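The values are calculated or read from the model by the stated rules, or taken from the named source; none is laboratory data. Small disclaimer: the values here were computed from a predicted structure and weren't measured. For accessibility, only protein heavy atoms count, side chains too; no ligands or nucleic acids. Shrake-Rupley method; radii C 1.70, N 1.55, O 1.52, S 1.80 Å.
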Amino acid sequence: MLGFIKVFVFLTAAAEHGGGFLDFYNQYLNYPGFEAWKFINLAIFVGLMVYLLKKPLSTAFKQKRDAIRADLIRAEEEKAAALARLTSAEAKLVGLEAEKASIIESLRRESEADAGRLLAHAEQEIEKLRQQASGEITRLSQQNRAELRRFSAEESIRLAEEKLRGRIDPESDSRLVKAGIQAIGGLN
């Protein structure tokens, strides 16, 4: 860069002594709107900035590259951990399906066993009710038989009494009374 400035000063000094550079500049480089000095100024500025910022920028870019690399490695590790959790969750889901099937099967067996127990209990209750009904029928039939016997006896007595009243006149009544008194031992 310092060499460029020396060349520029040398050419300017040569132009004052018989000037080839100034004529060249005015003829080729000093067109309106082109103005080469602006481009030279820009080149010097860019060169100076590259020289001054090369080391800090390269360090910053290196650090940024290392940070990105570390982020990528961390992302890969997180991805691997997530995949491990996913496979674990899928394995649990498969286990849950098997567990669900076994629970459903055990519930089905329990419901069948409960149905069998309820059926047996219902049959026992039916048998108990049959025995109670049979006992009640027996008791009621015995009661009715006893009532029929009593009614039959009362009715027989009533009919016999009516027959006897129709046959006994006062004379046979006195005779029967006298015979009953003699049968018990007389009138002492």
When the residues of the range 155-169 are filtered to those that are among the charged types (D, E, K, R) and assigned to a helix (DSSP H, G or I), which remaining residue is least open to solvent (accessible area, probe 1.4 Å)?
Glu155
Please find, among Ile103, Ile137, the residue that is open to solvent by 100 Å² or more (accessible area, probe 1.4 Å), at pLDDT 90 or above and of a type in the set (A, V, I, L, M).
Ile137
Considering each of Ile40, Ile73, Ile68 in turn, give the residue that is open to solvent by less than 80 Å² (accessible area, probe 1.4 Å) and not basic (Lys, Arg).
Ile40
Scan the range 107-130 residue by residue and report those that are charged (D, E, K, R) and more than 36 Å from the chain's Cα centre (by Cα).
Glu123, Glu125, Glu127, Lys128, Arg130
